[in-house]
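Read through the structure below, which is laid out as structure tokens, and then see the notes.
What follows draws every value from the coordinates through simple rules; no lab data is involved. In this text, all values refer to a predicted model and were calculated from it rather than measured experimentally. Heads up, the Cβs are rebuilt from the backbone with ideal geometry, glycines too, and the neighbour counts pull from every protein chain shown.
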Amino acid sequence: MGPDLRQLAWNAVERVFTDRRLQFGFLFPVAGMVAVTEEDAIANVRGELTRAGLEVSNVGRKRWPFGRRWEIAAKSRPLPIARAEVDSWLDNLEANLARYDADVLTWVPLLPGA
């Protein structure tokens with residue numbers, strides 16, 4: 001996930017937290033989508049996600065302009081939703097996934113009642 005997409009995700013999270021009068025730092029699970037370019041790497045990516053404390057809920061194949069890619073949906077354990085903590089968590093996750101030519105597409109905190 002590049003810095004521009006990460007900033008867009010944070011902008012959306014900040015708007016929702018402000019609208020719902022939530023304070024940053026509270027614990028919420030995080031849902032995310034990971035893109036994998038090679039089918040052979042899916043098992044390794046699932047393993048990395050599991051080691052990082054994420055529960056994989058779905059693996060699907062998607063068509064896009066340059067061929068096919070696989071998307072993995074996963075949910076984390078509750079994390080403090082604060083910029084430093086989430087960015088550090090994403091940095092570590094992306095570094096581990098890069099070995100398999102996989103990347104985090106997006107993330108969002110799972111808020112109750114949302």
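Here are a few things to note about the model shown:
- Residue with peak Gaussian network fluctuation, the chain [Cα springs, cutoff 10 Å], from A82, A74, A43: A43
- GluC sites (Glu not before Pro) within the range 32-109, DSSP loop, no more than 14 other Cβ atoms inside 10 Å: E38
- Sites excluded, trypsin sites (Lys or Arg not before Pro) in DSSP loops with at most 15 other C-beta within 10 Å, longest stretch of the chain: 22-98
- Gyration tensor verdict on the chain (Cα atoms; rounded if a/c is under 1.5, prolate if a/b is larger than b/c, oblate otherwise): prolate
- Loop-resident chymotrypsin sites (Phe, Trp or Tyr not before Pro) (DSSP state other than H, G, I, E or B) in the range 15-114 with no more than 16 further Cβ atoms inside 10 Å of their Cβ: F24, F26, F66.
- The range 3-109 - percent relative contact order, Cα under 8 Å, separation 6 or more: 40
- For the chain, size of Cβ-based charge dipole, Lys and Arg +1, Asp and Glu -1, in debye: 380
- For the range 1-17 and the range 35-64, distance of Cα centres in Å: 22
- Per-residue [θ]222 nm for the chain (sum of -39500 (n - 2.57) over DSSP H runs n ≥ 4, rounded to 500): -12000 deg cm²/dmol
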